[in-house]
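Throughout, read-outs are computed from the coordinates displayed, never taken from laboratory work. Since the model is a prediction, treat every value here as computed from it, not as a measurement. Note: ideal-geometry Cβ built from the backbone for every residue, glycine included; neighbour counts use all protein chains shown.
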Amino acid sequence: MSTKFFLVSNKVKKFKKSIEVDGDKSISIRWLLLASQITGISKAQNLLRSEDVHSAIECLRKLGIKIKLSKKDCVVYGRGINGFKYKKNLILNAGNSGTVGRLILPLLIRSPYKIKIIGDKSLSRRDFSRIIEPLNKIGVQFFPKRKKNLPISILGSKYLRPIDYHENRGSAQCKTCVMLASLNTPGQMRIYAKKSRTHTELMFYNLGIPIEIKKINEIDIIKTSRPNILKRYNLNVPGDISSAAFFIVLTLLTKNSHLILRNINLNPSRLGILKILKKMGANIKIINKQFSIGEKFGDIIVKSTSKLKAINCLSSLNSSAIDEFLIIFLIAAKSKGVSYFKNLSELNKKESPRLKLGSKILNMIGIKTKVTDHSIKIYGNPNLNLNKKYEIKNYLKDHRIMAMCTIAALALGGKWKIYDPDSINTSFPSFTRILKKNFGVKFK
């Protein structure tokens with residue numbers, strides 16, 4: 001743990017605001033990776049400028065991809081499919097990003113040399129076997145053998161084969177890994193995937209990559225195969241709904257408040273948080289819906305409410321809200337009744353064991369919980385108001401833990417000492433700036 005911290009000791013006052021948040025992280029990283037495989041120049045506006053995205057940029061630059069950043073846009077000079085400049089003893093650093101670490105691997109499956117992938121302490125704890133196993137079946141080797149986390153080395157092959165892959169976790173990263181591997185693999189890749197975010201599928205459609213999708217109940221059967229060439233792909237990245245979620249909850253928990261969040265990603269596979277919060281009594285509306293390169297975006301209107309109620313959350317909503325559950329738990333803490341969330345073991349495989357730490361933080365502020373390895377019951381208290389001192393540390397620098405606790409301090413009160421505030425830079429670097437500029441928050 002670092003010694004850096006900030007203090008939050010004043011609740012926000014009622015507000016009526018209109019704001020924008022940073023570009024979507026999932027879209028930003030996927031666009032960079034695919035733009036590197038395009039023959040020619042691609043440009044993105046509103047690309048997220050977080051540490052995770054910069055990790056993707058630096059990995060691609062080490063592979064010979066020219067990338068230019070300006071205040072307004074990002075330009076990638078793609079070298080075509082398998083156009084990387086492979087070198088001996090190459091080391092790629094994914095930083096804290098599971099998306100970068102896992103999704104760079106399928107683009108390296110034709111490397112003639114071993115390439116070492118490393119990451120920070122948090123990423124090095126996370127499970128990479130879910131990526132290693134399908135790539136092994138495709139024909140790729142990893143070293144050391146049977147190792148399940150970073151650092152690991154990948155060695156590509158000239159003799160790759162398509163596979164039938166069953167993805168039953170609802171992990172978009174696992175699904176995307178096999179889809180990206182199809183760019184360099186002869187024949188047709190078949191993926192039987194539990195529903196998860198669909199950004200990669202939309203990008204494949206818009207790039208002209210051969211793809212077919214058949215939906216059967218909760219499973220998407222995806223068939224994809226290698227294209228001949230990919231042409232430029234320009235994109236205006238919409239705001240990240242995972243970042244917007246913190247301000248949605250701040251509004252719901254602050255009396256007499258009203259907020260408009262502009263140009264937010266409204267991909268149907270990412271709207272779990274809105275569906276869950278509406279079921280809990282939240283006053284949320286969507287206006288100005290538009291489409292751009294297959295992605296839906298628009299404005300979200302939120303009004304505060306004192307009539308929040310508990311929820312028995314459907315597991316079918318989990319994958320579309322997996323990054324937002326910590327902040328949803330904060331709403332459950334302030335709701336009337338007992339909320340129940342189940343089949344959430346994936347939360348413990350994120351930057352930190354979020355299910356366990358989320359429960360611990362709720363207990364710290366006086367909320368009773370019952371937690372297992374995959375579920376949590378939250379005994380809400382509509383009269384919850386905090387006036388004690390709280391210290392947040394040893395949370396593995398998880399950006400969403402940091403942001404959740406900041407919102408708790410601003411909405412519920414108390415005096416909070418939050419360590420590692422810079423952790424938010426992995427996903428949402430303008431978080432504190434937006435709070436200062438638009439909500440009058442003072443960090444000490």
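Note on the chain: with charges restricted to the Cβ of Lys and Arg (+1) and Asp and Glu (-1), its dipole about the Cα centre is near 700 debye.
Based on the Kirkwood radius over alpha-carbon pairs, what value in µm²/s does the Stokes-Einstein equation return for the translational diffusion coefficient of the range 1-119 at 25 °C and 0.890 mPa s?
Details: Rh = 16.1 Å.
D = 153 µm²/s.
Each principal axis of the Cα cloud of the range 25-228 was taken in turn, and the coordinate range along them, longest first, works out to 44, 37, 32 Å.
Can you list the equivalent-ellipsoid semi-axes of the range 204-288, largest first and in whole Å, using the square root of 5 times each Cα gyration tensor eigenvalue? Let's see the in-between values first.
Values: eigenvalues 242, 64, 13 Å².
Equivalent-ellipsoid dimensions as semi-axes: 35, 18, 8 Å.
Only Lys, Arg, Asp and Glu count, each charged at its Cβ (+1, +1, -1, -1), so figure out the dipole size of the range 68-206 about its Cα centre, rounded to 20 debye.
On the way: 28 positive and 7 negative charges, 82 e Å.
Value, rounded to 20: 400 debye.
Cα gyration tensor of the range 225-359, axes a ≥ b ≥ c as square roots of the eigenvalues: rounded (a/c below 1.5), prolate (a/b > b/c) or oblate?
Values: a/c = 2.42, a/b = 1.38, b/c = 1.76.
Because a/c hits 1.5 or more and a/b fails to exceed b/c, the range 225-359 counts as oblate.
For the range 370-444, state which chymotrypsin sites (Phe, Trp or Tyr not before Pro) are in a DSSP loop and have at most 15 other beta carbons lying within 10 Å of their beta carbon. Kindly include the intermediate steps, with their values, before the conclusion.
Numbers: sites: TYR379, TYR390, TYR395, TRP416, TYR419, PHE431, PHE439, PHE443; in loops: TYR395, PHE443.
Passing sites in the range 370-444 are PHE443.
Distance from the C-alpha centroid of the range 220-279 to that of the range 1-21: 22 Å, rounded to the whole angstrom. Quote the Stokes-Einstein diffusion coefficient, in whole µm² s⁻¹, for the range 89-188, based on the Kirkwood radius over alpha carbon pairs, a temperature of 20 °C and a viscosity of 1.002 mPa s. Estimated via Stokes-Einstein, D reaches 160 µm²/s.
Once you have the Kirkwood Rh of the range 19-75 from its Cα pairs, apply Stokes-Einstein at 4 °C and 1.567 mPa s and quote D in µm²/s. Present the calculation step by step, with values, prior to reporting the outcome.
Details: Rh = 11.5 Å.
It comes out at roughly 112 µm²/s.
Between rounded, prolate and oblate, where does the range 135-200 land on the alpha carbon gyration tensor, with a ≥ b ≥ c its root eigenvalues, rounded for a/c under 1.5, else prolate if a/b exceeds b/c? Oblate is the answer for the range 135-200, as a/c is 1.5 or above yet b/c matches or exceeds a/b.
Listed peptides 56-67, 307-318 appear in the order 56-67, 307-318 once ranked by packing, highest mean of other Cβ atoms within 10 Å at the front. Cα-based values for the range 346-444, radius of gyration first and Dmax second, are 13.9, 40 Å. Along the charge dipole of the chain, pointing to its positive end and built from +1/-1 on Cβ of Lys, Arg, Asp and Glu, which listed residue (PHE5, LEU180, SER257) has its Cα farthest out? Checked the options; the winner is PHE5.
LYS16 to ASN206: FRET efficiency via 1/(1 + (r/R0)^6), r the Cβ-Cβ distance, R0 45 Å, to the nearest 0.05?
Values: r = 37 Å, r/R0 = 0.83.
Taking R0 as 45 Å, the efficiency between LYS16 and ASN206 is 0.75.
When the Cα atoms of the range 117-248 are aligned to their principal axes, the ranges along those axes come out at 43, 38, 34 Å in descending order.
Could you work out the relative contact order of the range 49-111, using alpha carbon pairs under 8 angstrom and six or more residues apart, expressed as a whole percent? Before the final figure, lay out each step's value.
Values: 51 pairs, mean separation 23.3, N = 63.
Reported as a whole number, the value is 37 percent.
The trypsin sites (Lys or Arg not before Pro) of the range 173-234 that meet both conditions, a loop assignment by DSSP and at most 14 other Cβ atoms within 10 Å of the site Cβ, are LYS231, ARG232.
Using only the Cα atoms, work out Rg/Rh for the chain, with Rh taken as the Kirkwood radius, to two decimals. Mind dumping the intermediate values first?
On the way: Rg = 21.6 Å, Rh = 22.4 Å.
Looking at the chain, the ratio lands at 0.96.
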